[in-house]
1. Considering each of 128, 153 in turn, give the residue that is closer than 28 Å to residue 84 by Cα and crowded, with 17+ Cβ neighbours inside 10 Å.
2. Going by the conditions given, is residue 163 away from ligand 4 (no atom under 16 Å from the Cβ), modelled with pLDDT under 95 and either under 18 Å from the mean Cα position of the chain (by Cα) or polar (S, T, N, Q) (or both)?
3. Restricting to segment 166-178, name every residue that is outside any strand (DSSP E or B) and either at pLDDT below 95 or on the phi < 0 side of the Ramachandran plot (or both).
4. Search segment 175-187 for residues that are in contact (Cβ under 8 Å) with a residue 40 or more places away in the chain and over 15 Å from residue 230 (Cβ atoms) and pair each with any residue that is among the hydrophobic types (A, V, I, L, M, F, W, C) and within 11 Å of ligand 4 (Cβ to nearest atom) when their beta-carbon atoms are under 6 Å apart and the residues are at least 6 apart or on different chains.
5. Failed condition for residue 181, given (1) outside any helix (DSSP H, G or I); (2) on the phi < 0 side of the Ramachandran plot, with all others met?
6. Given the conditions (1) crowded, with 16+ Cβ neighbours inside 10 Å; (2) part of a helix (DSSP H, G or I); (3) touching a Ser or Thr at 6+ places or on another chain (Cβ under 7 Å), report the number of the one that residue 205 does not fulfil.
7. Cβ-Cβ below 9 Å, separation at least six or inter-chain, first residue in segment 238-254 and at positive phi, second polar (S, T, N, Q) and more than 15 Å from ligand 3 (Cβ to nearest atom): which pairs?
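The values are calculated or read from the model by the stated rules, or taken from the named source; none is laboratory data. Given the structure is predicted, the values throughout are model-derived calculations rather than measurements. Cβ placement follows ideal geometry from the backbone for every residue including glycine, while neighbour counts extend to all protein chains displayed.
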Amino acid sequence: AAKSAGRNAYCFFKPEMNARVAERVTLESRLRKAIAEGRLLLHYQPQYELASGRMVGVEALVRWQDPIEGLISPARFIPLAEETGLIKPLGEWVLNEACRQAVAWQGAGLPPFIVAVNLSAVQLADPEIVAIVRQALADSGLPAARLELEITESMLLADAERAIAVLEDFRAMGVKLAIDDFGTGYSSFSYLKRLPLDKLKVDQSFVSDLTVDANNAAIVEAIIAVAGKLGLRVIAEGAETAEQVEMLRRFGCDEVQGYYFSRPLPPAEIAGAQQRGTPD
Ligand code: C2E
Ligand code: MG
Ligand code: MG
Ligand code: MG
């Protein structure tokens, strides 16, 4: 045992790995500290209903405000947070903060809209997750129907039966459910029908070259058509141009979230983002 541990230790500290490992360890301890010291914040990206041009929801997107590096993107620390288990306290903070903010907007006189929160696979697998969500709603006073949880197709693969049971608990509570990055995973339409879903979010990769790639256009059109037949709302992620938005409108897409209408915004700027685009 000592011998194999020695060999592993040798492997672990190969010179070329050293820097990477050290960087990760540093990042992990800095993230731990940032969570404890309250240096995470949420930006919110508006979601617009195409038919009315109204902002009907926002997605909460976490950022890390580092005194030296500035705003650090979630792509850099969410995977690390998932590997280290830090995603649990981080995710619980996001949930509580998003619910609190939603109630604060309402208190400031904004019309009601949905707040969407991303859940990671680690959170969905947490036996406490239903209680954590229920507590966030109770503490904030946010009506359950104003909270939407975003999960990805791959999160349903590992232990599908358990995942479905959790989704059904959320549904029973009145919380909304969306499949994020739809089309990049492995769910089949027949499987989707069995899930208690409200919304599909068409992945950005299909939307970004919608107007130049006929195959992607066909895929997006088909997703929108099937979702409609299944009674699900469809939102397209990552629309950046008027041409993309026009095509999505033509396909009958319900909502759009993308830079064309708005980047993710600090909470104070959401009041000024209530209406965009031209109603048909
Ligand atoms: P996502 O949930 O798919 O969020 C959409 C991402 O696309 C956001 O990146 C958003 O800023 C970006 N985006 C939106 N519209 C456009 C557009 O028109 N063009 C381009 N190029 N990008 C656009 P962001 O904020 O960097 O977040 C990246 C990912 O990090 C999210 O992808 C989500 O998977 C994860 N994430 C963010 N916040 C959280 C969180 O609180 N918890 C968990 N578990 N994951 C989070
Ligand atoms: Mg998302
Ligand atoms: Mg997405
Ligand atoms: Mg994405």
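1. Every option except 153 fails the conditions.
2. yes
3. Passing the criteria: 166, 167, 168, 169, 170, 171, 172, 173, 175.
4. No pair meets every condition.
5. Failing condition for residue 181: (2).
6. It fails just one condition, (1).
7. That search, which allows pairs on different chains as well, returns 238/244.
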